[in-house]
Amino acid sequence: MEDAARILQLVVNGAAAGCIYGLIALGFVLIYKATEMVNFAQGDIMMLGGFVAFSLIAKFGMNYWVGALLAIVITAAFGYLLDAVVLRRVIGQPQFAVVMLTLGLGFIFRAGAGITWGYDSVGFNTPFTNKTVNMGGLIVGADNLSIIVGTLLLCVVLFIFFNKTRLGVAMQAASQNQLAAYYMGIPVRRIFSLIWAISAGVACMAGILLSPVSMIDVNMGSLAIKSFAAAVIGGFGSIPGSLIGGILVGIVEQFAGYKLPAGFQEVTANVVLLLMLIVRPQGLFAERMGKRV
Amino acid sequence: MSESLLRVDSIETFYGPIQAIRGISLDVAPGQIVTVLGANGAGKTTVLRTISGVLDPERGRVMFEGKDIARMPPDQVMQLGICHVPEGRETFPFLTVRENLMMGAYTRRDSAGIASDLELCFNYFPRLQERQHQRAGLLSGGEQQMLAISRALMGKPRLLLLDEPSLGLSPLLVQQIFSIIRRINTEQKVAILLVEQNAAIALRTADFGYVLEVGRIVAADDCKTLMARDDIREFYLGQKEAGERGVRRWKKKRMWN
Ligand SMILES: Nc1ncnc2c1ncn2[C@@H]1O[C@H](COP(=O)(O)OP(=O)(O)O)[C@@H](O)[C@H]1O
Ligand SMILES: [Mg+2]
């Protein structure tokens, strides 16, 4: 009995961590599908979002919900401007230019955050900090549960947005066939900037959800490496795939930490990725028809 | 000819250093079908892209209802009433047929008008109604062409730009689609600028025709007159079964950026 509870505990913790990986992966995928750019600064945008939330909630004393919402809006606006001012200029340039640019932006964001907020870890109080929920005998940390529930809610919202709203469908359209979207009079550039805004907002939400579990610091964005694995496992192009890939990585990582000697936990994401590339290189959820260009 | 709906006035268009259009002028009157014939690479697609604003001409004017629309972005051109059915259909493969059609009406806000135009499209192409919830990428070539035409109709055009609608379709399907193009023209009073390599069907469908060769207009006349000309018969009607068609496709989607 003890063992079953322990295993469930690991699954919940792993799924929670995996949701964070998945949310960052989702940002990778949204931007990649639209613009064929891989944004290596995605994790650092999460870090910035976390610090903004910290400032609003811990420094300015805002209510958690108001501060969180405002932080998401601010980070999304930042993502919009990032595309409109910087990244739009490199569309059509060779891939490595884009890679170098987003890597460089990541460095700048970390330096900027260090100067603004310092290099110490910080945190803020959330309604989920140090609380537990008793789910039919299983004691689960409210912090981990809030991550899972928050991610699921966000997925529902995004699903409705992308499939049921005019703007959401237009985002899909512009991602699938940019030229045709121009012909339809869809404002493609603005739509791509909005996709950056959504990705940044989702990253900020990931940072906020993560904050009761782990502190906010300048280097927290490095977990994006695992998100990258999650996105590839999910098929790099599939939104549900990136989340499921994230959760898979998170759970496997927890079990590796429990069963295997120290050190293994850190490499499991890459081991899962390697296995995936060998067994099913197109990822779990590769779309059947190739992208038409 | 002051009653032109569209007047293209000596445009020159480049792809980087390559000049694709070397001074072309043409007119489309309201309600007219005008065709532009030309071999592969003559510059037909480039003319249409210049009109719809995806490419900007280096020189020259594009007048639509008396207004210069050259150098206007495509979404504004489209809102003025010019809708483009691109070469190779260019549907949104992962969206359903219905969603594709709704994207054609993206710039419109009149939901009643949009609903009635959707009915109209389904009327012209009942196949699309049957398949409205399927992904566009799963349609056959002919159905995708029907979808591309309907998607443009959803923009409520006064001028429809059609880029090689016969490309890759069976002769029977070509006949069907062109007869519907004619119906759309007369019933909806939409003027059509039709670009084709299939001169036989284009000359039978259109009222007036231009012949394009490497970026220049080399002939312009009523379609009946053109059809009777010896050189046209030899070069455009004689070899209409040329196997080259459909080989070259629009590849690099951002090159015009
Ligand atoms: N994206 C492009 N980049 C560079 N050159 C192009 C591009 N598209 C077409 N061209 C060139 O412009 C000329 C006209 O092409 P196009 O308008 O597509 O001809 P058509 O539609 O009559 O087959 C051709 O010589 C073609 O090679
Ligand atoms: Mg062409």
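The coefficient of translational diffusion for segment B:72-219, derived via Stokes-Einstein from the alpha carbon Kirkwood radius under 20 °C and 1.002 mPa s, stands at 137 µm²/s. With the simple model of a label 7 Å out from the Cα in the direction of the Cβ, B:ALA115 to B:LYS67 spans 2.9 nm.
Compared with the rule-of-thumb size 2.2 N^0.38 Å for a compact globular protein, segment A:2-279 has a Cα radius of gyration ratio of 1.00. Every helix of 4 or more DSSP H residues in the protein assembly as shown counts as -39500 (n - 2.57), and over all residues that averages to -17000 deg cm²/dmol at 222 nm. For the set A:LYS59/A:LYS226; A:LYS164/A:LYS226; B:LYS44/B:LYS156, the pairs lying more than 28 angstrom apart at their alpha carbons are A:LYS59/A:LYS226; A:LYS164/A:LYS226. Tilt of helix A:2-35 relative to the longest C-alpha principal axis of chain A, in degrees (0 to 90, nearest 10)? Orientation of helix A:2-35: about 10 degrees from the principal axis. Computed from Cα positions, the angle between helix A:64-81 and the longest principal axis of chain A comes to roughly 30 degrees. Summing charges over all other residues whose Cβ lies under 14 Å from the Cβ of B:GLY209, with Lys and Arg as +1 and Asp and Glu as -1, gives -2. Annotation for segment B:71-124: trypsin sites (Lys or Arg not before Pro) lying in DSSP loop with at most 15 further Cβ atoms inside 10 Å of their Cβ are B:ARG71, B:ARG109. The angle between the Cα long axis of helix A:166-176 and the main principal axis of chain A comes to about 80°, on a 0 to 90 degree scale.
Expressed in Å, the radius of gyration and Dmax of the Cα atoms of segment A:191-291 are 15.0, 47.
From other protein chains only, count the Cβ atoms within 10 Å of every residue's Cβ in A:164-176, then give the mean.
4
Straight-line cross-link reach from B:LYS224 at under 16 Å between alpha-carbon atoms covers these aspartates and glutamates, not counting any fewer than eight positions away in the same chain: B:ASP207, B:GLU234. Distance from the Cα centroid of segment B:53-103 to that of segment A:140-174 is 32 Å (rounded to whole angstrom). Here the translational diffusion coefficient of segment B:120-205 follows from Stokes-Einstein with Rh set to the Kirkwood radius across Cα pairs; for 37 °C and 0.692 mPa s it amounts to 248 µm²/s. Taking one equal scatterer on every alpha-carbon of segment B:31-72, how large is log10 of I(q)/I(0) by Debye at q = 0.33 1/Å? Normalising to I(0) and taking log10 leaves -1.12.
Per residue of peptide B:98-105, the mean number of Cβ atoms on other chains within 10 Å of the residue Cβ is 5. Extents of chain B, largest first, come to 46, 38, 36 Å (Cα atoms, principal axes, whole angstrom).
Relative to the compact globular guide of 2.2 N^0.38 Å, what is the alpha carbon radius of gyration of the protein assembly as shown, as a ratio?
1.15
The Cβ shell under 10 Å around B:VAL85 holds other residues with a net charge of -2, Lys and Arg each +1, Asp and Glu each -1. Look at B:MET227, A:MET100, B:MET154 and count the other Cβ atoms within 10 Å of each Cβ; fewest to most, that gives A:MET100, B:MET227, B:MET154. Extending 7 Å from the Cα toward the beta-carbon at both A:VAL99 and A:THR129 defines two label points whose distance is 4.0 nm. Qualifying GluC sites (Glu not before Pro) in segment B:1-62, where qualification requires a DSSP coil assignment and no more than 11 other C-beta atoms within 10 Å, comprise B:GLU3.
With a 10 Å cut-off around each Cβ of A:184-192, the average count of Cβ atoms from other chains is 6.
Amide H to amide H distances under 5 Å link B:LEU95 with B:ALA136, B:GLY137, where only residues 5 or more positions off or on other chains count and H is placed in the peptide plane.
A short reminder: the numbers here are calculations on the coordinates, not readings from a lab. If you're wondering where the values come from, they're calculated on a predicted model, not measured in any experiment. All Cβ positions, glycine included, derive from the backbone under ideal geometry; neighbour counts span all protein chains shown.
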